[in-house]
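A.B. asks: Before I ask anything, here is the structure I am working with.
The values are calculated or read from the model by the stated rules, or taken from the named source; none is laboratory data. Model, not experiment: these values are computed from the prediction. Here the Cβ is made from the backbone with ideal geometry for all residues, glycine too, and neighbour counts use every protein chain on show.
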Amino acid sequence: MKKLSFPTVKLGNFIREVKEKVKNSGISQDDFTVYGVTNTDGITVTNNKASDDLGNYTVLRENQFAYNPYRVNVGSIGLSLPGTFGAVSPAYVVFETNGQISNEFLLYYLKSSLGINLIKWYGDRGGVRSALRFSDLKKIDFPDITLEQQNKLLTKIKKLDELLCELDKNLSDDKIEILRQSILQQAVEGKLCEQDPKDEPANVLLEKIKAEKERLVAEKKIKKQKPLPPISEEEKTFDLPKGWEWCRLGELVTSVTDGPHYSPEYHDKGIPFISGRNITLKGIDFSTAKFISPQLHEELSKRCRPETGDILYTKGGETGKAVVNDIDFEFNVWVHVAVLKPSTFVYNKYLALALNSPHCYALSQKYTHGTGNRDLGLTRMIKITVPLPPANEQQRIVQRVTKLMGQCNLLERELSISKKYASQLMESVLQEAFSVQETAKPAQVIEFHPDQTIPETELLAAARGKIREDTWEHLCKRAMEIAGEES
């Protein structure tokens, strides 16, 4: 049995059941509106009648509560609005307060995670379906605070609830992902960093890369590559800054290989052997890696040997994900992973960033063939067009994107905290109120997690401070503004 973090009294001290029947009201049944209760809308008008005869229905008036004993454990309870007059099914429980507690505060309390847990505790019927009778409701533990204190806490709860709703709306997982994609797209369009006219232009880089490849071919370290088709004007989907160049992926790497096109023999230990599922945008996940023998690793390495600094690029399954290999131990890859060796004149982190941008990702999907066994073939992937900035700007772009992605990670953490806080809002506010009063904490019946509270100022900062209000309406267009705000 767990403890509540605040003193309580029994709810039965403040509530009374309403049992007035329509047939005893002296009012014609035709004058009654029939109401129901849902966990989202509370008390609402319904056309669902259990019977054409409303005689046994319970009269419902303004400022009264109604709930379904079998569904109140999912928050199906409501408070009738001023002016309400009607009836509810006899299956519902109707009750009202004696004026010593706030109706609205009680509704928030019973619909909170704390209230739901108490409802489940006192409505537990053992092996029988859970149902909260009115006699059970009276046993529920209610905060031992005055009506004035309830109203003050209610004001705070409403304010925090509004902020949390806005935060959840603005920082949803999908919007943060849209923001990430917007940042990457702005990066490859040259809109994240100012251009420096003193930088060596990218066309000079391409000449250096070409010379490097010719030297490696002469040294028999790589094979001579077939010429790639020229880039058409239709493929240049956006304008590049001065000093940038459009090029194909194959122009920027000295080799492109993949792992064996068959399933090798696996062992309990040995050299890690990964597939596309082990490649994530956050790095290489070895937790589900298989193992091959050192002998087979050496044999496979004659064709494909991942080295530190290479780019691993998924070409099977979920294609089009790139990550720089920063691992300092030996491993090998299956056919679903391509190993790209960038030219020494191309910053590997920029190239991986570009491959993960919406522009390059869309092309990776275009070049991925098949349905069940999807494959981004090596000869197709090297045709992907990549915007190439000057070498110095590649460095600046990666630094800028790294900072911005860190901001996105912070937003994700804010969202996670807000969701936890929202589910524990009532407990947190009550615990804070009583901790200020340094009140004793008598044993009760529900688990509580005080470590999930966060200051109201942090919620406000998360909702307003890190990103301007109108950002969320123009996420795809506003990575530039976000970039300026993070500093």
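A.B. asks: Please indicate, with yes or no, whether at least one residue in region 431-451 is modelled with pLDDT under 50, over 30 Å from Asp258 (Cβ atoms) and in a helix (DSSP H, G or I).
C.D. replies: yes
A.B. asks: Please name all residue pairs, on different chains or six or more residues apart, with Cβ atoms under 6 Å, provided the first residue is in region 225-241 and is under 16 Å from Leu252 (Cβ atoms) and the second residue is among the hydrophobic types (A, V, I, L, M, F, W, C).
C.D. replies: Listed pairs, sorted by first residue: Ile231/Trp246.
A.B. asks: I've got another one for you. Which residue, of Glu194, Glu189, Glu104, Glu177, is surrounded by fewer than 20 Cβ atoms within 10 Å (Cβ to Cβ) and under 24 Å from the mean Cα position of the chain (by Cα)?
C.D. replies: Glu177
A.B. asks: Follow-up question, since we're still on this one. Identify the residue in region 363-405 that is of a type in the set (Ser, Thr, Tyr) and under 27 Å from the mean Cα position of the chain (by Cα) and, among all such residues, is nearest to Pro230 (Cα to Cα).
C.D. replies: The residue in question is Ser364.
A.B. asks: Quick one: in region 308-325, which of the residues that are surrounded by fewer than 19 Cβ atoms within 10 Å (Cβ to Cβ) and modelled with pLDDT of 95 or more is farthest from Met381 (Cα to Cα)?
C.D. replies: Thr308
A.B. asks: Sticking with this one: Scan region 283-325 residue by residue and report those that are of a type outside the set (S, T, N, Q), in contact with a helix residue (DSSP H, G or I) (Cβ under 7 Å, 6 or more places away or on another chain) and closer than 17 Å to Arg374 by Cβ.
C.D. replies: Of everything in region 283-325, those that are of a type outside the set (S, T, N, Q), in contact with a helix residue (DSSP H, G or I) (Cβ under 7 Å, 6 or more places away or on another chain) and closer than 17 Å to Arg374 by Cβ turn out to be Tyr313, Lys315, Gly316, Gly317, Glu318, Gly320, Ala322.
A.B. asks: Further question on the same structure: What's the number of the condition Ser112 fails, among (1) surrounded by fewer than 20 Cβ atoms within 10 Å (Cβ to Cβ); (2) at pLDDT below 90; (3) closer than 20 Å to Ile140 by Cα?
C.D. replies: Of everything listed in (1) surrounded by fewer than 20 Cβ atoms within 10 Å (Cβ to Cβ); (2) at pLDDT below 90; (3) closer than 20 Å to Ile140 by Cα, Ser112 misses just condition (1).
A.B. asks: On to the next question. With respect to Leu179, determine if the residue is in contact (Cβ under 8 Å) with a residue 40 or more places away in the chain, over 27 Å from Thr8 (Cβ atoms) and out of contact with any Phe, Trp or Tyr (no Cβ under 7 Å at 6 or more places or on another chain).
C.D. replies: The answer is yes for Leu179.
A.B. asks: So, in region 357-416, how many residues would count as being modelled with pLDDT under 90, under 23 Å from Thr314 (Cα atoms) and of a type in the set (Gly, Ala, Ser)?
C.D. replies: Going through region 357-416 one residue at a time, the tally reaches 2.
A.B. asks: Can you confirm whether Val34 is under 28 Å from Asp161 (Cα atoms), surrounded by 14 or more Cβ atoms within 10 Å (Cβ to Cβ) and more than 37 Å from the chain's Cα centre (by Cα)?
C.D. replies: Considered against the rule, which asks whether it is under 28 Å from Asp161 (Cα atoms), surrounded by 14 or more Cβ atoms within 10 Å (Cβ to Cβ) and more than 37 Å from the chain's Cα centre (by Cα), Val34 comes out as no.
A.B. asks: If you don't mind, there's one more thing I want to ask. Pick out the one residue from Ser130, Ser89, Ser102, Ser80 that is closer than 20 Å to Gln431 by Cβ and of a type in the set (S, T, N, Q).
C.D. replies: Among Ser130, Ser89, Ser102, Ser80, only Ser102 is closer than 20 Å to Gln431 by Cβ and of a type in the set (S, T, N, Q).
A.B. asks: Would you mind finding the one in Asn151, Asn117, Asn56 that is within 16 Å of Val429 (Cα to Cα) and surrounded by fewer than 19 Cβ atoms within 10 Å (Cβ to Cβ)?
C.D. replies: Just a single option satisfies the conditions, and that option is Asn151.
A.B. asks: Could you say whether any residue in region 215-224 is in contact with a helix residue (DSSP H, G or I) (Cβ under 7 Å, 6 or more places away or on another chain) and closer than 22 Å to Leu363 by Cβ?
C.D. replies: no
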